[in-house]
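Data first, discussion second: the structure below is written as structure tokens.
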Amino acid sequence: MSDSKISHLAALRTPLAGIALMLVASASAAMPPRDAQTPDQIAVLAADAEQRLAVAARDVAAIQRISDPNLRVNAPNNRILTREDLMRMVKSGEIRNEVFERTPEDVVITGDVGVVMGHEVVYPGAGSEQARMYGQKTLNRRYTNVYLRTGGAWLHLARHANIIP
């Protein structure tokens, strides 16, 4: 990713953007070879990195800001969560990871919908719901995140994450 693209995108995003864009730059190396990533693909990958950072930092205000009001998460705890459920669980520590790494493997844009698919490595924090369900150990997950372009921003609309047995 060129420095000019990073500077331009950073001016358009929230305070977490600088970190998110650095992660996108490093994560894009793990993406399957493609001709050239489009500006929309780059923006959706930045939104995906920002979403991970918000959850990893337990930043409920950021989660609220970057999530569509209709956000739904098909979570590894075998429940469907709303945006409010997610924010409550992050705030209470029910969702907390000591390690939360994400590697996007593919991104596709169709109109105003962006989809990112890949894998994650998490180590659940003590007392979190995943630690209670699976133990405090490294967990590998597959994930799909869906983003909706709204008013020029890519908002997190849907997520599915499952533990790889």
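The values are calculated or read from the model by the stated rules, or taken from the named source; none is laboratory data. The shown structure was predicted, so the numbers you read here are calculated from the model rather than taken from an experiment. Ideal geometry is used to build each Cβ from the backbone, glycine not excepted, and the neighbour counts take in all protein chains shown.
Brief remarks follow.
- Checked against (1) outside any loop (DSSP other than H, G, I, E, B); (2) touching a Pro at 6+ places or on another chain (Cβ under 7 Å); (3) without any contact (Cβ under 8 Å) to a residue 60 or more places away in the chain, Ala161 passes all but a single condition, namely (3).
- Residues that are at pLDDT 95 or above and in contact with a strand residue (DSSP E or B) (Cβ under 8 Å, 6 or more places away or on another chain) number at least 3 in the following helices (runs of 4 or more DSSP H) confined to the stretch 32-122: 39-56, 83-92.
- Residues (of a type in the set (D, E, K, R), in contact with a Leu (Cβ under 9 Å, 6 or more places away or on another chain) and crowded, with 18+ Cβ neighbours inside 10 Å) located in the stretch 73-117: Arg83, Arg102
- Some residue of the stretch 122-140 being among the acidic types (Asp, Glu), surrounded by 15 or more Cβ atoms within 10 Å (Cβ to Cβ) and in contact with a helix residue (DSSP H, G or I) (Cβ under 9 Å, 6 or more places away or on another chain): yes
- When restricted to residues that are without any contact (Cβ under 8 Å) to a residue 60 or more places away in the chain and in contact with a helix residue (DSSP H, G or I) (Cβ under 7 Å, 6 or more places away or on another chain), the stretch 90-121 contains 6.
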